[in-house]
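*Asks:* My questions will all concern the structure given below.
The values are calculated or read from the model by the stated rules, or taken from the named source; none is laboratory data. Since the model is a prediction, treat every value here as computed from it, not as a measurement. All Cβ positions, even for glycine, are placed from backbone atoms using ideal geometry, and neighbour counts span all protein chains on display. Accessible surface areas use protein heavy atoms only, side chains included; no ligands, DNA or RNA. Shrake-Rupley method; radii C 1.70, N 1.55, O 1.52, S 1.80 Å.
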Amino acid sequence: MNLNESLKQHQIMLDKPDDSIPTEEWLALSSSDRAFAHFIYDIHEHFDLVVRTKLNWKPANIKINQGHNNIVMRFDFLEQRYVFRVPKRGIRQLKTIMCIRQQLNGKSYFPDVIYYDDKCLIEHYADGEQLNELSDSNAFAKLAIVMADIHHYPGSQFGPLIYGNSGVANDFKSYYIEGIDKAWDRVERFIKLKSTELQILKNHWYAVLQQSDGELVICHGDLGHHNIFYSEDKKSIKLIDWDACGIYHKEKDLRFLLDKHITEAQRNAFFIHYPYDVDEHLLYWYRLTNQLKYGDLEDTRDFIDAANGFLNIRGVNLHLTDNSAVSE
């Protein structure tokens, strides 16, 4: 059962999940907040069932956190730190993680999975610090070697991993064309561009979509500083949150290197050690597409920056301006 299904099921469960919750506080919550509270209590119950009963562990220092795709409980046991992860999209998300685990089993950069069932998985906590602008260039050199290893696995079809090395769509175009009109409509609502400028941007976006036929490979799918941990002591990289892994062009993973927080020295260290050719047009296209589909357009700066970078690599003599911010 995924998060939305669980919340719908709990909409009718308006009683307090715990008598210790003050009644006035409970009544002040909306029905969706009450449903989410039940969902969190369900997670705690499953945590106790798995960790304390099935594994017979005595966890300490338990902390719960809500991420974009997971509810995560971190805890310690016998001087080891673990992560109890409950994917919000339920069994489908877990199947994806376990599918990629079969492919990358034993790889030092893939988290060790200790336990899993149809609701959760437990893995070792990733050592080290999240990658950031202060990270040593050696970390990016190591990351390049890791990504080269991942990207040497070929895939077929396109999109999220469903089984083996196969995606959900027949090709690149059909995968990204679905729902893209709504994404462009969202841009028009939030960003005040001249109609001619927007059309030029669209034309070049569609041109790359039509023309690109690069090799499809296994990708992490959501690579970014928040999912990359580097241990200075062990000189090792760990990649977490494999929920979005799939069959894409390698440039989908590498677009994070264009992030404003990545320094030129870090970027150079990566590409010196990454052995495959990179299509810069696709690289900037994926960066723009991520903003187009998932970006926070109420703060238009990241989209404008991605759009200008894409137009520049396409050789277009046009510089878009964030008129939305200026008009305020």
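*Asks:* So, of the residues in region 81-134 that are in contact with a Ser or Thr (Cβ under 9 Å, 6 or more places away or on another chain) and within 18 Å of LEU49 (Cβ to Cβ), which turns out to be modelled with the highest pLDDT?
*Replies:* PRO87
*Asks:* Looking at (1) under 15 Å from CYS120 (Cβ atoms); (2) modelled with pLDDT of 95 or more, can you tell me which one ASN70 breaks?
*Replies:* Result: ASN70 passes all but (2).
*Asks:* Sticking with this structure for a sec: Does ARG74 meet the test of being open to solvent by 70 Å² or more (accessible area, probe 1.4 Å) and either closer than 17 Å to LYS63 by Cβ or assigned to a helix (DSSP H, G or I) (or both)?
*Replies:* Criteria met by ARG74.
*Asks:* Find the residue count for region 18-61, including only residues that are under 16 Å from PHE75 (Cα atoms), of a type in the set (A, V, I, L, M) and either touching a residue at least 40 places away in the same chain (Cβ under 8 Å) or part of a helix (DSSP H, G or I) (or both).
*Replies:* Of the residues in region 18-61, 5 are under 16 Å from PHE75 (Cα atoms), of a type in the set (A, V, I, L, M) and either touching a residue at least 40 places away in the same chain (Cβ under 8 Å) or part of a helix (DSSP H, G or I) (or both).
*Asks:* Considering region 248-269 alone, what residues qualify as being among the hydrophobic types (A, V, I, L, M, F, W, C), touching a Ser or Thr at 6+ places or on another chain (Cβ under 7 Å) and open to solvent by less than 20 Å² (accessible area, probe 1.4 Å)?
*Replies:* Within region 248-269, ALA269 is the sole residue that qualifies.
*Asks:* A follow-up question, please. Go through (1) outside any helix (DSSP H, G or I); (2) open to solvent by 40 Å² or more (accessible area, probe 1.4 Å); (3) among the β-branched types (Val, Ile, Thr) and name the single condition ILE122 misses.
*Replies:* (2)
*Asks:* Out of region 191-208, which residues are free of Cβ contacts under 8 Å to residues at least 60 places away in the same chain and buried (at least 16 other Cβ atoms within 10 Å of the Cβ)?
*Replies:* LEU198
*Asks:* Right, another one. Please go through (1) open to solvent by less than 30 Å² (accessible area, probe 1.4 Å); (2) out of contact with any helix residue (DSSP H, G or I) (no Cβ under 7 Å at 6 or more places or on another chain) for TYR175 and return the number of the only condition it doesn't satisfy.
*Replies:* Single failed check for TYR175: (1).
*Asks:* Looking at LEU311, LEU292, which one is open to solvent by less than 20 Å² (accessible area, probe 1.4 Å), more than 17 Å from the chain's Cα centre (by Cα) and under 26 Å from ILE191 (Cα atoms)?
*Replies:* The match here is LEU311.
*Asks:* If you don't mind, there's one more thing I want to ask. Which pairs have Cβ atoms under 6 Å, sit 6 or more apart or on different chains, and link a residue in region 290-307 that is touching a residue at least 60 places away in the same chain (Cβ under 8 Å) to one that is open to solvent by 60 Å² or more (accessible area, probe 1.4 Å) and not basic (Lys, Arg)?
*Replies:* LEU297/PHE190
*Asks:* Specify which of the listed residues (ILE272, ILE240, ILE218) is of a type in the set (Val, Ile, Thr), under 16 Å from the mean Cα position of the chain (by Cα), open to solvent by 20 Å² or more (accessible area, probe 1.4 Å) and more than 22 Å from ALA183 (Cβ to Cβ).
*Replies:* Being of a type in the set (Val, Ile, Thr), under 16 Å from the mean Cα position of the chain (by Cα), open to solvent by 20 Å² or more (accessible area, probe 1.4 Å) and more than 22 Å from ALA183 (Cβ to Cβ) holds for just one of ILE272, ILE240, ILE218, which is ILE240.
*Asks:* Same structure again: Yes or no: region 173-180 includes at least one residue that is under 18 Å from TYR286 (Cβ atoms), outside any helix (DSSP H, G or I), of a type outside the set (Phe, Trp, Tyr) and out of contact with any Phe, Trp or Tyr (no Cβ under 7 Å at 6 or more places or on another chain).
*Replies:* Yes, there is a match, as at least one residue in region 173-180 is under 18 Å from TYR286 (Cβ atoms), outside any helix (DSSP H, G or I), of a type outside the set (Phe, Trp, Tyr) and out of contact with any Phe, Trp or Tyr (no Cβ under 7 Å at 6 or more places or on another chain).
*Asks:* Being exposed (fewer than 15 other Cβ atoms within 10 Å of the Cβ), at pLDDT 90 or above and touching a helix residue (DSSP H, G or I) at 6+ places or on another chain (Cβ under 8 Å) is the filter here; which residues of region 15-61 pass it?
*Replies:* Result: LYS58, single match.
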